[in-house]
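Step one of this worksheet: look at the structure below.
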Amino acid sequence: MVSPVQRPDERDVPQRACSFALPVCAHAPAGVPGAAVLESLADLEAAMRAYDALGLPRPLPDGARGGSPAYDLYLERGPRRPARVGHDLRAIGERFDAASAFAIVAAPGRGGCSSASDAAYALGHAVATRLDAGAEEGALAMAASYLAAIAAPCPAEELAAIDAFQRAPERALTGAALGALDGALLFPWYLDDAYGTGTPAQVAMSLLAIAAQATPGGAARFRAEPDTFDALRASLRSRGKDLDDLLLEFAIARAFVGSRSDGAHLSDVERFGDFGRVRFEWSLPYATLPRRVAPLRPIEPTGATYLWLDLGAESAAGGPDLKAAEITLVADWELPALFRWAIVKIDRQGAEAGRVEVAGIFGESRAQRTVVGLDGLAGLLIVGVNAGSMIRSRPFDPDDAPFMPHAYTVWLSR
């Protein structure tokens, strides 16, 4: 329950500016210009107003820490580095685990939108720890990143985060460390698009609230059970779906981010351009089949992998071969992982023209499917996702990091 980041001593941050309208304060050492302190305070106010408009709870008051119950943002001199977010001890009197929070960020002065993004990220983390102080670090990082992207859009920060995320699709969704904007914000973004009611951030924050727990007195660590993925499983079960179905759907959706967007999967992601393109493990011409391929790196639980089978040359030439052609996929993977696969048909405009999903079977480490109807397509996108352990009593748990990745091979023939 003890935060790895501690509040600065008040003697080290003598400058203090607090809002007259909202419970937020900015603190800074003596060498930080007063204009920078006021700029950070304005950023905090703007972020809190945005979260108020979304109907989110405000950060938990911290008593007299920082000089008042308001949320505290501490500025530091020197080059910009990831924010250091921390929390206070578990609040007494709350029914579920909740804690007040604070953050240490670089002082403004470099121009651009990075300072506003840092303030929104820090405040988003504080909102999340009010809902569930025991939530896993990856879930808090994901929620804070998504909230910051909503409250303080910053193209420079978002492009870098999305690019890093899409370049490593094999990484677990909850593998991020707290402090910097993370591209895994695409996952709560997708949840809002697919299951939300139109108000941003409602699904992600509701999952944190559902997963809240009460740690018994005297415990040294928060009891993070149930976690946000347990809450997600329970919510999906009421809809007749499984978590592995959702993970596969999201893996397909993230293939249509940036310049590959077809406007039918994730909303407003065209703006990421080529930075949003997910990395394909292989791009295979149809004429080179049969081929057996393997990934560059093994896939962590909730991570995804992508293969492209190019039919463009044959389609452009009007080859009669494709009208009656069929493609067979055979995927093998390491136990005890459970992989799910989908073969997505992509037309010549880059849009999805249909898909064939290959269900995962508990106890099996092989999947096979044959696809027909290739005429007029630009290619086939093969999407795989590591849905976690096939042992039913050991579902994916984000607290099990570092995660054990697993490899696969895919055989494609015509």
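The values are calculated or read from the model by the stated rules, or taken from the named source; none is laboratory data. Not measured: the values here are computed from a predicted model. Note: ideal-geometry Cβ built from the backbone for every residue, glycine included; neighbour counts use all protein chains shown. Accessible surface is based on the protein model in full, side chains and every heavy atom, while ligands, DNA and RNA are left aside. Shrake-Rupley method; radii C 1.70, N 1.55, O 1.52, S 1.80 Å.
The figures follow:
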quantity: Residue that is nearest to Ala91 (Cα to Cα) [pool: residues in region 47-72 that are of a type in the set (A, V, I, L, M) and out of contact with any helix residue (DSSP H, G or I) (no Cβ under 7 Å at 6 or more places or on another chain)]; calculated: Ala64
quantity: Region 149-158 - residue that is free of Cβ contacts under 8 Å to residues at least 60 places away in the same chain and not charged (D, E, K, R) and, of those, farthest from Leu123 (Cα to Cα); calculated: Ala156
quantity: Any hit, region 321-335, residues being surrounded by 22 or more Cβ atoms within 10 Å (Cβ to Cβ), touching an Asp or Glu at 6+ places or on another chain (Cβ under 8 Å) and not charged (D, E, K, R); calculated: no
quantity: Qualifying positions in region 159-192 - within 14 Å of Tyr121 (Cβ to Cβ) and aliphatic (A, V, I, L, M); calculated: Ala160, Ala161, Ala176, Ala177, Leu178, Ala180, Leu181, Ala184, Leu185
quantity: When residues of region 360-372 are limited to those that are of a type outside the set (Val, Ile, Thr) and either surrounded by 12 or more Cβ atoms within 10 Å (Cβ to Cβ) or part of a strand (DSSP E or B) (or both), the one nearest to the chain's Cα centre (by Cα); calculated: Gly360
quantity: Counted residues, region 14-57 - those being within 16 Å of Arg77 (Cα to Cα), touching an Asp or Glu at 6+ places or on another chain (Cβ under 9 Å), of a type outside the set (Gly, Ala, Ser) and open to solvent by less than 50 Å² (accessible area, probe 1.4 Å); calculated: 3
quantity: Long-range neighbours under 7 Å by Cβ, at least six apart or interchain, first residue within 18 Å of Ala164 (Cα to Cα) within region 183-198, second assigned to a helix (DSSP H, G or I) and of a type in the set (Ser, Thr, Tyr); calculated: Ala184/Ser145; Leu185/Ser145; Leu185/Tyr146; Pro188/Tyr146; Trp189/Tyr146
quantity: Region 197-226, residues that are open to solvent by less than 30 Å² (accessible area, probe 1.4 Å), under 18 Å from Ala149 (Cα atoms) and assigned to a loop (DSSP other than H, G, I, E, B); calculated: Ala201
quantity: Val383 farther than 18 Å from Trp282 by Cα, within 29 Å of the chain's Cα centre (by Cα), surrounded by 14 or more Cβ atoms within 10 Å (Cβ to Cβ) and β-branched (Val, Ile, Thr); calculated: no
quantity: Cβ pairs under 7 Å, 6+ apart, first in region 283-302 and within 16 Å of Val383 (Cβ to Cβ) and open to solvent by 50 Å² or more (accessible area, probe 1.4 Å), second outside any loop (DSSP other than H, G, I, E, B) and among the aromatic types (Phe, Trp, Tyr); calculated: Ser283/Trp308
quantity: Flag for Arg16 being touching a residue at least 40 places away in the same chain (Cβ under 8 Å), part of a strand (DSSP E or B) and of a type in the set (Lys, Arg); calculated: yes
quantity: Residue that is at pLDDT 95 or above and aliphatic (A, V, I, L, M), where the choices are Ala98, Ala161, Ala83; calculated: Ala161
quantity: Region 395-414, residues that are assigned to a strand (DSSP E or B), of a type in the set (Phe, Trp, Tyr) and either over 30 Å from Asp310 (Cβ atoms) or touching a Lys or Arg at 6+ places or on another chain (Cβ under 8 Å) (or both); calculated: Trp411
